[in-house]
1. Condition (residue is buried (at least 20 other Cβ atoms within 10 Å of the Cβ), in contact (Cβ under 8 Å) with a residue 12 or more places away in the chain and either on the phi > 0 side of the Ramachandran plot or among the charged types (D, E, K, R) (or both)) applied to region 52-64: is it met by at least one residue?
2. Quickly run through region 207-226 and pick out the residues that are surrounded by 13 or more Cβ atoms within 10 Å (Cβ to Cβ), part of a helix (DSSP H, G or I) and either free of Cβ contacts under 8 Å to residues at least 12 places away in the same chain or under 23 Å from the mean Cα position of the chain (by Cα) (or both).
3. Considering only region 122-135, I want to know if a residue exists there that is modelled with pLDDT under 95, surrounded by 17 or more Cβ atoms within 10 Å (Cβ to Cβ) and hydrophobic (A, V, I, L, M, F, W, C).
4. Condition (residue is buried (at least 20 other Cβ atoms within 10 Å of the Cβ) and more than 29 Å from PHE92 (Cβ to Cβ)) applied to region 290-308: is it met by at least one residue?
5. Might you check whether a residue that is assigned to a loop (DSSP other than H, G, I, E, B), in contact (Cβ under 8 Å) with a residue 12 or more places away in the chain, out of contact with any His (no Cβ under 6 Å at 6 or more places or on another chain) and on the phi > 0 side of the Ramachandran plot occurs anywhere in region 22-42?
6. Could you tell me whether any residue of region 135-142 is farther than 25 Å from GLY175 by Cβ and part of a helix (DSSP H, G or I)?
7. List every residue pair whose Cβ atoms sit under 7 Å apart, with the two residues 6 or more apart in sequence or on different chains, where the first one lies in region 175-190 and is touching a residue at least 24 places away in the same chain (Cβ under 8 Å) and on the phi > 0 side of the Ramachandran plot and the second, anywhere, is open to solvent by less than 40 Å² (accessible area, probe 1.4 Å) and assigned to a helix (DSSP H, G or I).
8. Got a number for residues in region 227-243 being closer than 19 Å to ASP57 by Cα, part of a helix (DSSP H, G or I) and of a type outside the set (D, E, K, R)?
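The values are calculated or read from the model by the stated rules, or taken from the named source; none is laboratory data. Since this is a predicted model, take the numbers as computed values, not measurements. Because the Cβ atoms are built from the backbone with ideal geometry, glycine has one as well, and the counts that use them run over all protein chains shown. Accessible surface is based on the protein model in full, side chains and every heavy atom, while ligands, DNA and RNA are left aside. Shrake-Rupley method; radii C 1.70, N 1.55, O 1.52, S 1.80 Å.
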Amino acid sequence: MKPHPKIIDRILEGIRASRTFCVVGHIRPDGDCVGSQLGLALALRNEGKKVVCWNEDPIPQKYGFLDPDRLFQKPKRGYIFDCVIATDAASFERLGTVGPCIADRKLFINIDHHESNTRYADVNWVSARAPSSGELIFRLLKTARWPITRPIADLLFTAVSTDTGSFQYPTTRPGTYHVAGDLVRLGADIAKICDEVYQTYPLSRARLLRHIYGHFHLTHQDQIAWFWLKKADYARSGADSSDSEGLIDHIRAIASVVVACVFEEIEPELTRISLRSKSEKVNVNEIAAQFGGGGHPAAAGARIPGKPLSVQRKVIAAVKKALNSNH
């Protein structure tokens, strides 16, 4: 086996010295967050540890099949933990309401792959080269020589697959295919995972898609595409915000588009933005950082207070500026 980073030894030392655990992840969990959190939680349980798995938001419908035992729970006050482990969360703020509930802890570990990670824990393993946090959890379990059971293999395969755009994003490395191959060999059920995650969605999402195709905007010689998702759009379609994951890819795919942006109303004066870039010359992590957010060079986001139209103008202006300075 190739040599592993020393930080893994520090993490395993901390884990071995602890008995009670809380595994946490970012608000609005995606496939990588769900897979990493639950995969690690199951592995810790199999090692005889006492584990809870907390997230501010419920598990999105399409990942529900991965959690038959309903381990994924909302945070509760009044708990004390030997060790809290955050997976896939770039900052402490991204843990949302989980934050105040994990204050009573001995050791805090942060395992993540976002280059914008603020290194907020006692022990931080941040590997921006890794295309998913799931791949880091896989390396952790392999180094520890803990068994990767079928349920864990399903969870980690989902994490690795979803955060690489099903192995299509340029962040995917040769090693990612080796990890995926190992997970399939260990029993990951690709047919089931792909059917549930990629080939199936609720009717409400189809209604949301119809809205988007009817209401997206193009500007800057059709290089910027964007659309709004208002609370009323969710209400009309019967969707909830977890149904919006991946919608941005539908406008990102337009040939002329270099940067795609979604503006989502969280409150009347709080907007969530998601940004995607198709050009190495435009780093959307840097654009998101101007608004207090972050992520990756090709995919990033932020939450921006202010009047919706003013937020839209500022963000589109920042995207135009980034495009102009690079072309």
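1. For region 52-64, residues buried (at least 20 other Cβ atoms within 10 Å of the Cβ), in contact (Cβ under 8 Å) with a residue 12 or more places away in the chain and either on the phi > 0 side of the Ramachandran plot or among the charged types (D, E, K, R) (or both): present.
2. Scanning region 207-226 gives LEU208, LEU209, ILE212.
3. Yes, region 122-135 contains at least one residue that is modelled with pLDDT under 95, surrounded by 17 or more Cβ atoms within 10 Å (Cβ to Cβ) and hydrophobic (A, V, I, L, M, F, W, C).
4. no
5. Step one: list which residues in region 22-42 are assigned to a loop (DSSP other than H, G, I, E, B), which gives 26-30.
From the residues that got through so far, the ones that are in contact (Cβ under 8 Å) with a residue 12 or more places away in the chain too are 26-30.
The next check asks that each one be out of contact with any His (no Cβ under 6 Å at 6 or more places or on another chain); those that pass are 26-30.
When the remaining residues are screened for being on the phi > 0 side of the Ramachandran plot, the result is 28.
Yes.
6. If we filter region 135-142 for residues that are farther than 25 Å from GLY175 by Cβ, which is where we start, we get none.
No, every residue in region 135-142 fails to be farther than 25 Å from GLY175 by Cβ and part of a helix (DSSP H, G or I).
7. Sorted first by the residue in region 175-190, then by its partner, the pairs are GLY187/ALA153.
8. Selection size over region 227-243: 4.
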